[in-house]
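First up is the structure itself, then whatever we jot down about it.
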Amino acid sequence: MSKLTEQLVVETVDLTKNYDKTTVVDKLNLRIEEGDIFGFLGPNGAGKTTTILMLLGLTEPTSGTAHIYGYNSTREPLKVKRITGYVPEKVGFYEDLTASYNLAYTARLNGLPEDLVTKRVNESLGTVGLSHVAEQQVGEFSRGMKQRLAIADILIKMPKVAILDEPTSGIDPEGIVQMLDLIADIAKEIKMTVIMCSHQLYQVQRICNRVGILVNGKLVVEGLLDQLGREALGGGRLRIEVKLTEITSKLIDCIKRISGIVSVERSGDLLLITCLEDLRPKIAKAIIDANGLLVEMKIQRYALEDIYRKYFREA
Amino acid sequence: MKGLMTVFYKELADHFTSWRGIILFITVLLVSVFATLGPSGAIENLRQQLATPVQYGVGRFAFLYLFTTSGEDMPSFIWFITRFLVPIVGIVLGLDAINSEKNSGTMSRLLAQPIYRDAVINGKFLAGVVTIAIMLTTAILIVSAIGLAVLGVAPGSEEIARLLLFWGISILYGAFWLGLAMLFSVYFRPVAASAVSSLGIWMFFSFFMSMAAVSTANILAPLSQTPTTAELLSNYGIQITASRISPIMLFGEAATILLAPGARTAGEMLQLLTASGALWMPGPLSLGQSLLTIWPHLATIGGITAALFAISYIRFMREEIRST
């Protein structure tokens, strides 16, 4: 599929925001495609929230443009907001009103006809598993429940894009996993593109397929998670760790003969193999052919943290 | 437009179902009843005045006097409305209109919906004004009902017209206080700050402005030991001009002229409030003349209200709303 036919969900061109001479977002060029779950990473104060506010037309860029589904965020904010669901970092509800009332208000603000309001509210609450507390005041909700309610709140308008600013902050670890899975499930089910801001890396790694790292208002790196990982770990190479009962030089030679192997090093009872692609099946076969006894073979998984640290240090 | 109406209905429902709204309503009810029926309220006083109608010029507008007559220890209904009820209702309805939504994180969510931003501030203002209107209607109807039941005086057509006008300008006056409170709620993030600011302004105008006016007059036109009429007049003139800085005074004068047609000029308001009709003119003003007299007052209150709202509006529209 060519890139041209794919609809760009988010596109910013030289998006810049200055506050009293400090540049918070600096000529940002961001492209997010349909169906992506995009992890928007960066340390605190990197300009993530400011970028989001500009995408939603809640603040005006100093220069440059932002588009969501082709709509100019600054000039057509209503069209943008109709298709975009936004969960702000410290999302709040009217605490003395019930969950369903809060959602019904959102539904009415989105211009849903009255007969659809209740139906949509019940569906959304059902999706996030809050049906049983629909008539309870939001003030009685736990932090995790409020976050789930926030997801239900954006589902009311059936958005094409969801922008989630730190959707997991303040939730317990188990809640975080549930929350992330919920987001991923919904995204798949209603074909919603997700932009998730976070500085908690393993969360992003869990559900995102693309990431962008923003440091000091600049996008230092952007791309598919797999690619970035390999680039971070030694120029697109993979490392495979092999544990054998006995290591002989004959065996090492056999492995070296496989095409695609860059180097084989010995370290104790381990062999550290660097290769250009995942050659585990071939390596296993070579070891067995050479009568070696294979105990364990591990491919070194890059962690997003490695990517993050690498680019963060560079910036 | 749809967004505006949605915000409006929600805010209106909030005003009528929240504790704040219920307490305000109870206050309005209590004040209306006590000002008229209280142990030494207007009714008692009016009974005596009706017995000698010619002396006080009460006769033709007996029904209206229910609103302006004070009792022995109890101020009149319009005193309560002017000094206390309308300012408090306006301020309490508006003091956290914008900043509480910012603080609780609902504002970001609200503005992420496909509505124009001004729908939020317009809807809130409109809901406040309508709430004030409903409360004033209740208060006026209670006083009228008591008048009808206890005194047995029915209002004439001019009296009804004057009451309706009074109702209208009271709403405008309420809108002023609401606008003031909302202005502070746009500018100040902590609710305590916005509350103290608007209540402070109310207290200043309500309690200290008259003192400030008297001292200004005494400095600019000092009175001798045995003041001449010219001295008294100029001193008094400055006093009135200075006190008209206060919207409370402006509205008080306008309301009195509307409801007490015996009053001839706006300045007589001062006597009205103090000497209970000592300088009463025998021939009442026609409705048209009354309106002519209070027109500058209304234009001023309306102008200030519009300016206050415009400042809040512009600030709110340009503001960047962050959830943190």
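Here is how the numbers come out for the structure above:
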item	result
Percentage relative contact order, the range B:2-318, counting C-alpha pairs under 8 Å, at least six apart	22 percent
For chain A: relative contact order, % (alpha-carbon pairs under 8 angstrom, 6 or more apart)	18 percent
Under 29 Å from the Cα of residue A:285 - lysines, other chains or at least 8 residues apart	A:243, A:250, A:256, A:298
Candidates per GluC sites (Glu not before Pro) in the range A:78-138, loop by DSSP, up to 16 other Cβ within 10 Å	A:95, A:135
Cleavage-rule hits (trypsin sites (Lys or Arg not before Pro)) in the range A:14-69: DSSP loop, at most 15 neighbouring Cβ within 10 angstrom	A:21
DSSP-defined beta bridges in the protein assembly as shown - what % are antiparallel, rounded to 5	70 percent
Mean accessible surface per residue for chain B, computed with a 1.4 Å probe while every protein chain stays in place, in Å²	42 Å²
Measure of compaction for the range A:73-113 (Cα Rg per 2.2 N^0.38 Å)	1.35
Portion, in percent, of the accessible area of the range A:154-224 that falls on carbon or sulfur, probe 1.4 Å	51 percent
Two-decimal log10 I(q)/I(0) for the range B:2-318, as the Debye equation yields it once each C-alpha is a single scatterer, q = 0.07, 0.14, 0.15 Å⁻¹	-0.31, -1.09, -1.20
Extended-chain gain in nm, criterion 0.36 nm per residue less alpha-carbon gap, residue A:181 and residue A:140	12.3 nm
Interface A:B - total buried accessible surface [probe 1.4 Å, Å², rounded to 100]	2500 Å²
Net charge of Cβ neighbours under 12 Å - reference residue A:38; Lys, Arg +1; Asp, Glu -1	-1
Spherically averaged projected area in nm², based on the convex hull that wraps the Cα atoms of the protein assembly as shown	40.1 nm²
Longest to shortest principal axis, alpha-carbon extents of chain A, angstrom	77, 48, 36
Label-point separation in nm, residue B:226 to residue B:33, each point 7 Å along Cα→Cβ	5.5 nm
Whichever aspartates and glutamates have a C-alpha closer than 17 Å to that of residue A:218, once near sequence neighbours (fewer than 8 apart) are set aside	A:11, A:14, A:26, A:314
Over 32 Å (Cα to Cα) - which of A:27/B:2; A:188/A:282; A:90/A:191; A:146/A:310 fall in this group	A:27/B:2; A:188/A:282; A:146/A:310
Reduction of at least 50 Å² in accessible surface, 1.4 Å probe, comparing all protein chains with the chain by itself, residues of the range B:102-134	B:109, B:112, B:113, B:114
CD proxy at 222 nm, helix term only [per DSSP H run n ≥ 4: -39500 (n - 2.57); per residue of chain A; nearest 500]	-11000 deg cm²/dmol
Share of carbon and sulfur in the accessible heavy-atom surface of chain B [1.4 Å probe, %]	71 percent
Residues of the range A:236-299: accessible area per residue with a 1.4 Å probe, Å²	59 Å²
Exposed-loop-free span, longest in chain B, where GluC sites (Glu not before Pro) count as exposed if DSSP calls them loop and at most 13 other C-beta atoms lie within 10 Å	B:73-319
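The values are calculated or read from the model by the stated rules, or taken from the named source; none is laboratory data. Here the structure is a predicted model, which is why all the values come from computation and not from measurement. Methodologically, a virtual Cβ is constructed for each residue, glycine included, from the backbone with ideal geometry; neighbour enumeration extends over all protein chains shown. With ligands, DNA and RNA removed, areas are computed over all heavy atoms of the protein, side chains included. Shrake-Rupley method; radii C 1.70, N 1.55, O 1.52, S 1.80 Å.
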